[in-house]
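First the structure, in the form of structure tokens, and then the observations on it.
The values are calculated or read from the model by the stated rules, or taken from the named source; none is laboratory data. Note that this is a predicted model, so its numbers are computed, not measured. Quick reminder, even Gly has a Cβ in these numbers, built from the backbone with ideal geometry, and neighbours come from all protein chains shown. Quick note on the areas: whole protein, heavy atoms, side chains included, nothing else; ligands and nucleic acids left out. Shrake-Rupley method; radii C 1.70, N 1.55, O 1.52, S 1.80 Å.
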Amino acid sequence: MRNIAPQENSELEALEQREWRESLDYVIQQGDRDRVHRLLSSLRDYARASGVSLPFSAVTPYLNTIRAEDETPLPGSQEIERRIKSLVRWNAMAMVVRANRASDGIGGHISTYASAATLYEVGFNHFFRGKNKDGGGDIIYFQGHASPGMYARAYLEGRIPVEKLHNFRRELAPGGGLSSYPHPWLMPDFWEYPTVSMGLGPIMSIYQARFNRYLEDRGLKKTSGSKVWAFLGDGETDEPESLGAIGLAAREKLDNLIFVINCNLQRLDGPVRGNGQIIQELEAIFRGAGWNVIKVIWGSDWDPLLAADRDGVLVKRMGEIVDGQYQKYAVEDGAYMREHFFGVDPRLLDMVKHLSDEQLKKLRLGGHDPVKVYNAYKAALETTGQPTVILARTIKGYGLGEAGEGKNITHQQKKMNESDLRVFRTRFGIPISDDEIADAPFYRPPDDSPELQYLRERRKALGGYVPSRSVKVEPLNAPIDPLFEEFAKGTEGRKASTTMVFVRILSKLLRDKEIGELVVPIIPDEARTFGMESLFRAIGIYSHVGQKYEPVDMDTLLYYKEAQNGQILEEGITEAGSMSSFIAAGTAYATHGVNTIPFFIYYSMFGFQRVADLIWAAADSRVRGFLVGATAGRTTLAGEGLQHQDGHTHVYSLSTPNCLSYDPAYAYELAVIIQDGIRRMYREQESIFYYLTVMNEQYEMPPMPEGVREGILKGMYRLRPTTNPKAKLRAQLFGSGAILNEVLKAQTLLEKYNVAADVWSVTSYQELYRDGHACDRWNMLHPADAPRLSYVAQCMKDAPGVLVAASDYLKVLPDSIDQWMPRRMRSLGTDGFGRSEDRARLRDFFEVDSRFVTLATLAELAHDGQLDRKVVAQAIKDLDINPEKLNPAKS
Ligand SMILES: Cc1ncc(C[n+]2csc(CCOP(=O)(O)OP(=O)(O)O)c2C)c(N)n1
Ligand SMILES: [Mg+2]
């Protein structure tokens with residue numbers, strides 16, 4: 001090979017480049033872009049095959065994805081839309097300012113909505129479909145901190161009266177107020193999806209989009225007309241939940257899903273990526289995951305400059321500025337921009353010499369330009385086979401000027417002084433006089449003004465107002481009671497675990513003609529652990545594309561069957577994703593008018609402990625369904641040890657007000673709870689959901705005693721009274737879940753010490769605790785009425801003897817109902833870290849087996865002066881208990 005001198009080399013290269021470009025131009029001019037695609041791909045493959053390693057790049061230049069030449073003009077009146085937007089801006093700002101004047105420190109956010117106003121207004125005027133549109137309308141996750149903007153718009157729409165605006169963040173004010181953020185629990189006619197815990201909106205929206213497909217594929221509801229929009233902040237993308245499921249969205253080709261990320265480059269404290277570029281970073285991540293990425297960085301003002309950028313110097317300059325510096329340009333004046341942005345290259349300076357400093361300052365960014373945003377949304381809607389993410393560049397606190405625009409403090413800005421208000425008013429042309437401005441009054445033009453007429457007409461054409469929540473679902477009246485009858489009989493000598501019983505209940509429900517199709521089993525890669533693999537074949541695993549392969553176990557009875565009408569949502573190892581599916585299925589009664597009944601079955605340890613915030617969002621969403629924590633119990637799940645043995649999720653679950661928690665021991669208890677749950681949630685339409693723990697210890701399931709149904713549901717009932725009620729030494733023993741059997745054994749052991757004990761099954765300390773407090777509260781508030789008796793007190797009215805409770809959970813659970821007990825109660829529980837061991841040793845270690853229940857009862861009797869302490873000391877020997885053993889609560 002001949003050596004080419006560098007000079008000669010670059011000339012040759014320039015020539016080559018020109019020739020190649022001309023060839024490409026020829027193909028482009030033919031108008032077939034797919035051909036260009038194929039050509040370049042084949043060239044790339046050829047280069048690779050010839051040993052040329054091409055650097056990987058997931059990013060495109062720092063430019064808008066949609067070229068100006070490819071844009072369509074905004075339909076409708078841009079001018080009226082601008083005026084509407086200004087009014088919303090003003091009222092949103094005034095709401096926060098007024099709230100903080102009325103009540104200093106009440107909070108609220110001005111700058112989030114200020115930066116996102118165009119992103120929302122283009123949606124409201126052109127895209128967001130309301131419930132009256134075919135397909136049920138769009139599902140929209142509004143960014144939580146932008147809520148003042150949504151309220152301000154609803155005020156213009158006439159949906160929220162001005163009194164409520166006065167009471168923003170004052171929900172307890174007479175007449176009610178507006179909740180700080182989107183909370184369906186608090187505003188059930190308005191908000192549909194809670195979003196303010198950052199990261200949850202994005203992941204919920206992904207699984208919602210997938211669930212929409214599921215409903216359609218399974219013939220339950222036609223949803224293909226509906227889009228799922230998720231609006232999120234750029235700072236929010238740091239939450240693992242925000243990006244953690246984007247792979248699923250691409251894999252499932254969810255073209256019904258659109259993310260809009262408001263890239264104002266700032267979060268609460270300061271820049272999201274001061275030293276980097278969040279837009280480029282997100283582009284790479286989303287493109288890598290297989291999403292369609294649309295960048296909306298520059299507004300139309302920049303189009304002529306870019307058109308004049310023949311050498312690519314402007315594009316190069318745009319791409320080399322880091323976000324912290326871009327933020328600086330936002331707060332500085334035009335002269336600074338000229339000097340520091342354009343000043344690095346005479347060609348750049350030349351490009352803007354016709355623009356004044358003021359004009360430079362006003363060069364709009366893409367996210368503030370309705371035409372750019374409109375075209376991005378339109379392209380997203382037209383995209384097939386992929387979800388779309390729109391990365392829109394904006395300025396945080398846009399329009400606040402000196403009061404906060406682009407400043408690091410802007411997120412926390414809640415106040416505006418008179419001169420700030422005046423500037424804001426003038427900038428957005430709000431007809432409020434100087435005399436009134438100091439008050440920051442709300443402004444709504446007359447109903448027949450062009451703005452309000454336009455706004456109403458647009459919403460009418462798009463199918464009604466959003467956000468708006470209305471429940472239009474028929475109560476489920478199918479007779480389900482016969483399904484549960486067999487469980488009252490017990491297992492007639494056979495051993496079974498409550499997990500096995502649960503699977504049997506689920507299978508029966510699934511086979512039921514009327515409600516079977518509504519059941520949605522959700523499992524995060526744990527079906528075999530829970531013995532649920534028989535469902536694979538019976539009802540199939542949902543897959544939009546069916547099964548494109550021959551499963552290795554095809555010749556077996558229980559093969560791994562994927563099907564387009566499959567019913568199980570086998571989510572893989574993602575409790576967060578599964579929980580998001582649970583929320584989608586458990587709120588379908590409101591979203592889609594379909595009573596789907598989700599059962600999310602998971603390792604109990606990886607539920608409340610891992611995804612409690614999503615469970616909180618589920619509760620806020622008024623979800624219905626059953627969370628089933630399987631292989632539960634600190635000492636019942638043998639072998640697994642510290643990370644898997646759950647002895648505390650029942651304590652977590654108590655914190656969720658509309659979640660009913662149960663720790664049942666027997667088949668009939670579980671059956672009664674599920675049966676009643678379905679009645680309450682789907683027939684009575686109560687907004688509650690259930691947390692049930694089921695265990696893997698197998699024992700005989702007894703038949704259901706007479707008259708215990710109510711007790712099971714209320715939280716406790718007398719299971720086995722003593723045969724010797726007249727005995728001198730008496731005790732009441734309380735057992736739950738698998739530990740109930742230990743308590744029953746203790747009842748027999750205690751007979752040797754002449755102690756006669758009654759045994760109670762406690763199915764829910766949480767329900768007992770809630771009832772006790774509700775009762776006390778009522779009594780406190782109604783001193784003239786006959787006092788009510790808590791359910792615990794009613795049960796214990798004539799129950800003699802010392803009180804000892806044992807469960808496989810923290811001692812605090814029994815302790816929580818101590819105050820309604822007639823005497824002090826001694827609690828045994830599993831405080832501490834689990835161990836890898838067998839059940840017997842674990843129960844000895846945690847001091848919850850029959851021996852410890854016996855010992856605790858004797859110790860209580862001695863404490864009471866009814867028994868000589870020597871008997872207790874002897875019992876310690878008899879029961880082979882080491883008094884110097886480690887304290888499990890601390891070791
Ligand atoms: C899980 C969670 N952590 C922290 C917060 C507190 N918080 C509220 S807004 C905010 C900054 C938001 O920044 P970004 O997502 O960029 O939104 P922007 O307001 O800039 O649009 C933070 C940290 C929260 N709401 N949720
Ligand atoms: Mg931000």
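Go through (1) in contact with a helix residue (DSSP H, G or I) (Cβ under 8 Å, 6 or more places away or on another chain); (2) in a helix (DSSP H, G or I) one by one and return the number of the condition residue 870 breaks.
(1)
Filter segment 403-424 for residues that are open to solvent by 30 Å² or more (accessible area, probe 1.4 Å) and in contact (Cβ under 8 Å) with a residue 40 or more places away in the chain; which is farthest from ligand 2 (Cβ to nearest atom)?
That would be 415.
Quick check on my filter: what residues within segment 187-206 are open to solvent by 10 Å² or more (accessible area, probe 1.4 Å) and away from ligand 1 (no atom under 16 Å from the Cβ)?
Those that are open to solvent by 10 Å² or more (accessible area, probe 1.4 Å) and away from ligand 1 (no atom under 16 Å from the Cβ): 187, 188, 189, 190, 192.
How many residues are of a type in the set (Asp, Glu), in contact (Cβ under 8 Å) with a residue 60 or more places away in the chain and in a helix (DSSP H, G or I) if we restrict to segment 648-684?
Summing the residues that are of a type in the set (Asp, Glu), in contact (Cβ under 8 Å) with a residue 60 or more places away in the chain and in a helix (DSSP H, G or I) in segment 648-684 gives 1.
When residue 155 is evaluated against the numbered criteria (1) under 27 Å from residue 581 (Cβ atoms); (2) of a type in the set (Ser, Thr, Tyr); (3) open to solvent by 10 Å² or more (accessible area, probe 1.4 Å); (4) part of a helix (DSSP H, G or I), which criterion, by number, is the only one it fails?
(1)
Would you confirm whether or not segment 631-643 contains a residue that is under 22 Å from residue 710 (Cβ atoms) and either of a type in the set (Asp, Glu) or touching a residue at least 12 places away in the same chain (Cβ under 8 Å) (or both)?
No, because not a single residue in segment 631-643 is under 22 Å from residue 710 (Cβ atoms) and either of a type in the set (Asp, Glu) or touching a residue at least 12 places away in the same chain (Cβ under 8 Å) (or both).
Test of understanding: among 267, 251, 210, which residue is free of Cβ contacts under 8 Å to residues at least 60 places away in the same chain and at negative phi?
Among 267, 251, 210, only 251 is free of Cβ contacts under 8 Å to residues at least 60 places away in the same chain and at negative phi.
Is it true that some residue in segment 805-818 is farther than 20 Å from residue 695 by Cα, open to solvent by less than 10 Å² (accessible area, probe 1.4 Å), of a type in the set (A, V, I, L, M) and not in a loop (DSSP other than H, G, I, E, B)?
For segment 805-818, residues farther than 20 Å from residue 695 by Cα, open to solvent by less than 10 Å² (accessible area, probe 1.4 Å), of a type in the set (A, V, I, L, M) and not in a loop (DSSP other than H, G, I, E, B): absent.
Considering (1) under 30 Å from residue 148 (Cα atoms); (2) open to solvent by less than 50 Å² (accessible area, probe 1.4 Å), say which one residue 76 fails and leave the rest.
Residue 76 satisfies all of (1) under 30 Å from residue 148 (Cα atoms); (2) open to solvent by less than 50 Å² (accessible area, probe 1.4 Å) except (2).
Taking residue 862 and the conditions (1) over 22 Å from residue 698 (Cβ atoms); (2) in contact (Cβ under 8 Å) with a residue 12 or more places away in the chain; (3) in contact with a Lys or Arg (Cβ under 9 Å, 6 or more places away or on another chain); (4) in a helix (DSSP H, G or I), which numbered condition does it fall short on, given that it satisfies the others?
Going through (1) over 22 Å from residue 698 (Cβ atoms); (2) in contact (Cβ under 8 Å) with a residue 12 or more places away in the chain; (3) in contact with a Lys or Arg (Cβ under 9 Å, 6 or more places away or on another chain); (4) in a helix (DSSP H, G or I) one by one, residue 862 breaks only (2).
Need at least 2 residues that are modelled with pLDDT of 95 or more and closer than 24 Å to residue 592 by Cα per element, so show me which helices (runs of 4 or more DSSP H) inside segment 188-253 make the cut, counting only ones lying wholly within it.
Counting at least 2 such residues, we get 200-217, 246-251.
Have a look at 800, 783, 814, 787 and point out the one that is more than 23 Å from residue 667 (Cα to Cα) and in contact with a helix residue (DSSP H, G or I) (Cβ under 9 Å, 6 or more places away or on another chain).
787
Output the residue which, of all residues in segment 251-270 that are more than 19 Å from the chain's Cα centre (by Cα), open to solvent by less than 40 Å² (accessible area, probe 1.4 Å) and more than 9 Å from ligand 2 (Cβ to nearest atom), is nearest to residue 391 (Cα to Cα).
255
Yes or no, residue by residue, for (1) among the polar types (S, T, N, Q); (2) open to solvent by 80 Å² or more (accessible area, probe 1.4 Å); (3) closer than 22 Å to residue 654 by Cβ:
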{"position": "734", "(1), (2), (3)": "no, no, yes"}
{"position": "742", "(1), (2), (3)": "no, no, no"}
{"position": "750", "(1), (2), (3)": "no, no, no"}
{"position": "755", "(1), (2), (3)": "no, no, no"}
{"position": "769", "(1), (2), (3)": "no, no, yes"}
{"position": "772", "(1), (2), (3)": "no, no, yes"}
{"position": "778", "(1), (2), (3)": "no, no, yes"}
{"position": "781", "(1), (2), (3)": "no, yes, no"}
{"position": "784", "(1), (2), (3)": "no, yes, no"}
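Examine segment 520-528 for a residue that is surrounded by fewer than 19 Cβ atoms within 10 Å (Cβ to Cβ) and within 17 Å of residue 630 (Cβ to Cβ), and state whether such a residue exists.
There is at least one residue in segment 520-528 that is surrounded by fewer than 19 Cβ atoms within 10 Å (Cβ to Cβ) and within 17 Å of residue 630 (Cβ to Cβ).
Only one residue in 446, 482 is surrounded by fewer than 15 Cβ atoms within 10 Å (Cβ to Cβ) and closer than 21 Å to residue 78 by Cα. Which one?
So the residue among 446, 482 that is surrounded by fewer than 15 Cβ atoms within 10 Å (Cβ to Cβ) and closer than 21 Å to residue 78 by Cα is 446.
Within segment 271-290, how many residues are open to solvent by less than 10 Å² (accessible area, probe 1.4 Å) and not aliphatic (A, V, I, L, M)?
2
Run residue 162 past the list (1) within 29 Å of residue 211 (Cβ to Cβ); (2) at pLDDT 95 or above and report the number of the one that doesn't hold.
That leaves (1) as the condition not met.
Among the residues of segment 109-143, how many are part of a helix (DSSP H, G or I), within 16 Å of ligand 2 (Cβ to nearest atom) and touching a strand residue (DSSP E or B) at 6+ places or on another chain (Cβ under 9 Å)?
Number of matching residues: 7.
Of everything in segment 541-570, what is β-branched (Val, Ile, Thr) and in a loop (DSSP other than H, G, I, E, B)? Give them in sequence order.
Once the filter is applied, which keeps residues that are β-branched (Val, Ile, Thr) and in a loop (DSSP other than H, G, I, E, B), segment 541-570 yields 545, 552, 556.
Would you call residue 281 in contact (Cβ under 8 Å) with a residue 24 or more places away in the chain and closer than 28 Å to residue 240 by Cα?
For residue 281, the condition - in contact (Cβ under 8 Å) with a residue 24 or more places away in the chain and closer than 28 Å to residue 240 by Cα - is not met.
Do we have residue 257 as under 27 Å from residue 144 (Cβ atoms) and away from ligand 1 (no atom under 16 Å from the Cβ) here?
Yes, satisfied.
Does residue 628 count as in contact with a helix residue (DSSP H, G or I) (Cβ under 7 Å, 6 or more places away or on another chain), open to solvent by 10 Å² or more (accessible area, probe 1.4 Å) and not in a helix (DSSP H, G or I)?
No.
Check 359, 386, 325 and return the single one that is touching a strand residue (DSSP E or B) at 6+ places or on another chain (Cβ under 6 Å) and surrounded by fewer than 20 Cβ atoms within 10 Å (Cβ to Cβ).
386
Among the candidates 604, 655, single out the residue that is touching a strand residue (DSSP E or B) at 6+ places or on another chain (Cβ under 6 Å) and at pLDDT 95 or above.
It is 604.
Identify, from the list 503, 471, the residue that is among the aliphatic types (A, V, I, L, M) and open to solvent by 40 Å² or more (accessible area, probe 1.4 Å).
471 is the lone residue from the list that is among the aliphatic types (A, V, I, L, M) and open to solvent by 40 Å² or more (accessible area, probe 1.4 Å).
Checking residue 710 against (1) touching a residue at least 24 places away in the same chain (Cβ under 8 Å); (2) part of a helix (DSSP H, G or I), which single condition isn't satisfied?
Every condition holds for residue 710 apart from (1).
Among residues belonging to segment 92-142 that are closer than 26 Å to residue 403 by Cβ and among the β-branched types (Val, Ile, Thr), point out the one that is most open to solvent (accessible area, probe 1.4 Å).
106
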